[in-house]
Amino acid sequence: MRYKRLLSVIMIVGLMGLFVLSGCGEQKLTTLKVNEVTHSVFYAPQYAAMNLGFFEEEGLNIELTNGGGADKSMTAVLSGEADIGLMGPEAAIYVYNEGKEDHPVIVGQVTKRDGSFIVGREADEDFDWESLRGKTIIGGRKGGIPEMTLEYVLKSKGLNPGEDVEVLTNIQFDLTAGAFTGGTGDYATLFEPVASTLESEGKAYVVAAVGEASGEVPYTAYMAKKSYVEKNSDTVERFLRALARGQEWVNSHTPEEIAEAIAPSFADADLDILASVAQRYKDTDAWMTTPVMTEDSFTRLQDIMESAGELDQRVPFDQLIDNSYAEKALK
């Protein structure tokens, strides 16, 4: 009788243990609202981290929205619609120089070169930047990093924007492709997979990569309001830890493997196109290997902004960049 009672107790304890373990396996995830400036293979490390479960393993559920331009993504961050924004660091510089107390803090970097490609109306394997002389190119929103980097490269190639080549800056970032296929401009700057998709349809042809000519620059980074970072330091660190794993994974895998990993984030894109685009970004060395931003690259960004006439005052690196969370995540 005692034996049966003891056995019953053991079974009950065992069942309770299974119940506890089951509950642990279904831990509640913290929802993190992230607004990205555009939806592009350029941000493959982020999508890889999402689809491979790296964020979930850090207890995070990423609620992703598309801003359609850095100005809109920054508005989402400042208004609280987004916890974290993925956009060009120039947006944070503008807000800081306005004197806002609760300004954005940049906590991690994703890309280190311009991710846009020059597309023309005809294939041109012998394209030279001189081909743009006397032509019109859709460059993006004035004051945005895509447009400023394009002008920076044009000047380095001996082409003066507004004189030697007309750069259109009155078209919204997310409407560029439609404007070009609708007949506006001789050339346009587009991100992937839009550029390759139009190329496969015979509507545009990639002729050059802006990133190859621009040099390293902190092109896209994650940022959040200073108050959010201070109150949610653990969440920020976990986010960057998952991102760092995504960066390492993307940099150590083939374009074909990357395409398969990010495919769920690009339901309408062909797998071969995704692989081709991933190869292009690997060829241009577009992705960071860690989320840590360097001061040299931040200086170059402000050089580009000054060259474009968009920087009123330089911002000290340590006033806007906080690498401490990224560095902790790497440990």
All-but-one check, Met74 against (1) assigned to a helix (DSSP H, G or I); (2) surrounded by fewer than 24 Cβ atoms within 10 Å (Cβ to Cβ), failing number (2)
Can you report the number of residues in region 135-181 which are without any contact (Cβ under 8 Å) to a residue 40 or more places away in the chain, of a type in the set (Asp, Glu) and outside any loop (DSSP other than H, G, I, E, B)? 1
Those residues of region 92-134 that are basic (Lys, Arg), within 24 Å of Leu190 (Cβ to Cβ) and without any contact (Cβ under 8 Å) to a residue 60 or more places away in the chain come to a total of 1
Turns out the helices (runs of 4 or more DSSP H) fully within region 288-331 with at least 1 residues that are in contact with a Pro (Cβ under 6 Å, 6 or more places away or on another chain) and farther than 18 Å from Gly99 by Cα are 295-307, 324-330
Specify which of the listed residues (Ala49, Ala82) is small (Gly, Ala, Ser) and not in a helix (DSSP H, G or I). Ala82
Within region 127-144, residues being closer than 12 Å to Ala208 by Cβ and either of a type in the set (Lys, Arg) or surrounded by 15 or more Cβ atoms within 10 Å (Cβ to Cβ) (or both) number 5
Answer yes or no: is there a residue in region 250-268 that is over 16 Å from the mean Cα position of the chain (by Cα), modelled with pLDDT under 95 and surrounded by fewer than 22 Cβ atoms within 10 Å (Cβ to Cβ). yes
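The values are calculated or read from the model by the stated rules, or taken from the named source; none is laboratory data. This structure is a prediction, so every number in the text was calculated from the model and none was measured. Note that we place each Cβ from the backbone using ideal geometry, even for glycine, and neighbour counts take in every protein chain shown.
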